[in-house]
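Peer 1: Please read through the structure below; I'll follow up with questions.
Readers should treat all values here as calculations from the given coordinates under stated rules, not as data from a laboratory. Computed from a predicted model, the values in this text were never measured in an experiment. Because the Cβ atoms are built from the backbone with ideal geometry, glycine has one as well, and the counts that use them run over all protein chains shown.
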Amino acid sequence: MEGLVQEEIKELIETFKESADAGRPISTQNKFNAAVLNALWSIVSGQRYSHSDPILKGLIEQLTR
């Protein structure tokens, strides 16, 4: 489980770095939700999604509503 969490943290950091390198403000809206949901989904199904995957984004939107 620790490995799953570390993998999500690495992708989260990369997402933040990309925004910072592009000179854009860093938006944290739903970024942490994506990491948590992805870690839980990996435990349940053994599958994970990229943080930019439309399926993951759709799930987060539904949960947020």
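Peer 1: Would you calculate a helix-derived [θ] at 222 nm for the chain, using -39,500 (n - 2.57) for each DSSP H run of n ≥ 4 and dividing by the full residue count, to the nearest 500?
Peer 2: Theoretical 222 nm ellipticity from helices: -23500 deg cm²/dmol.
Peer 1: Shifting gears a bit: Could you work out the Kirkwood radius for the chain, taking every pair of different alpha carbons, averaging 1/r and inverting it, reported in Å? Each step should come with its number before you reach the end.
Peer 2: Working: mean 1/r = 0.0816 Å⁻¹.
The answer is 12.3 Å.
Peer 1: How far apart, in nanometres, would the label points at L4 and Y49 be if each is projected 7 angstrom from Cα along the Cα-to-Cβ direction?
Peer 2: Computed distance between label sites L4 and Y49 equals 1.6 nm.
Peer 1: Same structure, new question: What is the sum of charges, Lys and Arg at +1 and Asp and Glu at -1, for the other residues whose Cβ falls under 11 Å from the Cβ of I26?
Peer 2: Surrounding charge for I26 is +1.
Peer 1: Tell me the angle of helix 2-21 to the major Cα principal axis of the chain, expressed in degrees between 0 and 90 and rounded to the nearest ten.
Peer 2: 20
Peer 1: Placing +1 at every Lys and Arg Cβ and -1 at every Asp and Glu Cβ, with all other atoms neutral, what dipole size does the chain have around its Cα centre, in debye to the nearest 20? Please list the in-between numbers first.
Peer 2: Values: 7 positive and 9 negative charges, 44 e Å.
With only Lys, Arg, Asp and Glu charged at Cβ, the dipole is about 220 debye.
Peer 1: Using only Cα atoms and rounding to the nearest 10 degrees, what angle (0 to 90) does helix 54-64 make with the longest principal axis of the chain?
Peer 2: 80
Peer 1: For a footprinting-style exposure proxy, rank R65, R48 by other Cβ within 10 Å, fewest first. Walk me through the intermediate numbers first.
Peer 2: Working: R65 5, R48 18.
Lowest to highest Cβ neighbour count: R65, R48.
Peer 1: Output the 0 to 90 degree angle, nearest 10, between the alpha-carbon long axis of helix 31-45 and the longest principal axis computed from the alpha carbons of the chain.
Peer 2: So the helix axis and the longest Cα principal axis differ by about 20 degrees.
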